[in-house]
1. To make sure I understand, if each residue's beta carbon is the centre and we count other beta carbons within 10 Å, what order do SER22, SER186, SER144 fall in, fewest to most?
2. Please give, to one decimal in nm, the separation of the simple spin-label points placed at LEU7 and LEU23, each 7 Å out from Cα toward the Cβ.
3. Tabulate in residue order the Karplus-calculated ³J(HN,Hα) for region 14-24, using 6.51 cos²θ - 1.76 cosθ + 1.60 with θ = phi - 60°, rounded to whole Hz; enter x for Gly and Pro.
4. Can you put ILE82, ILE6, ILE218 in order of Cβ neighbours within 10 angstrom, beginning with the fewest?
5. For the pair LEU259 and ILE89, what calculated FRET efficiency results from E = 1/(1 + (r/R0)^6), where r is the Cβ-Cβ distance and R0 = 45 Å, to the nearest 0.05?
6. Any of LYS61/LYS143; LYS72/LYS202; LYS199/LYS263; LYS202/LYS265 with alpha carbons more than 25 Å apart? Name them for me.
7. May I ask you to evaluate 6.51 cos²θ - 1.76 cosθ + 1.60, the Karplus curve with θ = phi - 60°, for each residue of region 243-254 and list the ³J(HN,Hα) values in order in whole Hz, giving x for glycine and proline?
Amino acid sequence: MRFNPILSIILGAFVIIVALLSLVGILGAPNLNNNFIGSIFFVTVTLILVLGGFIATYFAKESENKIWYGYKIRYAIYLGIILAAIETIAIGHTLIGYQGIGIATGFFVIFSLITGFGGFIAKMTEKNNRQQFKSKLINNEFKSIIAVVVGFVVASACAALLELILGINSATITYGIIDFVIGAISLIIGGFVTLFLVKEKKIQYGVYVGIIAILVGILKLYAEIVSGLVINESYYIRVGVYVGYFLFAGLGGYLGILLANYKLKNNK
């Protein structure tokens, strides 16, 4: 059964709202400040948004004028934009200055990505798309994606290890010199590992690791806001850190390219 895209988006939004109200009722609003319950709430909300994006895409009629692959995914993205707008309006009184603009922008990016992922899953349930996915997987075209994920996991593991050694609390998202150095070292290693694994030695794969780190940073920021914690970090410091993520992951990728070229030169 397929509906007009507007109805499918409304259906996805309805499911999300009902699920969120039910979740808050089950966990209890006063308990959301508890670290454990807050974590459960955050993870469950993410899954609910994915479900909403899935519904918005799956139940929408396919357009005959397909401009790009996965055209119906845009309905899930529209849903994310609408939800982000509602969230921004709801907490608008707490969003002040440039930092408020950055947080609001993060809402639109994160919500759209999460619901868009749900839309992607919906598209992959279609037979033709499943066959295309299997074909690309068999042809190893997804090795670069796996390499980027591995690079990010390695970077995260390095950061966690360094924080453990230095006794730094990773539960907060404040940024000092030590935190910046840890992030730089970890992302250089992550970008390097990614370029070491990919077949095509392109610096963009290292940069992708930095982009994932930025998205995760925005997610952590959103989690802090949902938990009711006060964010004292300067907007400019946060932007600088995110730019650093981008550059240092790219630097790690560049070092990986240098190593590959060095090995190639010596093998001749």
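1. In increasing order of surrounding Cβ atoms, one gets SER22, SER144, SER186.
2. 2.7 nm
3. Result, ordered by residue: 4, 4, 4, 5, 4, 5, 5, 4, 5, 5, 4 Hz.
4. Going from sparsest to densest Cβ surroundings: ILE6, ILE82, ILE218.
5. Numbers: r = 50 Å, r/R0 = 1.11.
Calculated transfer efficiency: 0.35.
6. Beyond 25 Å between Cα atoms: LYS61/LYS143; LYS72/LYS202.
7. 5, x, 3, 4, 6, 5, 5, x, 5, x, x, 5
Read-outs throughout are calculated quantities, based only on the coordinates presented, and are distinct from any laboratory measurement. Here the structure is a predicted model, which means the values were calculated and not measured. Quick reminder, even Gly has a Cβ in these numbers, built from the backbone with ideal geometry, and neighbours come from all protein chains shown.
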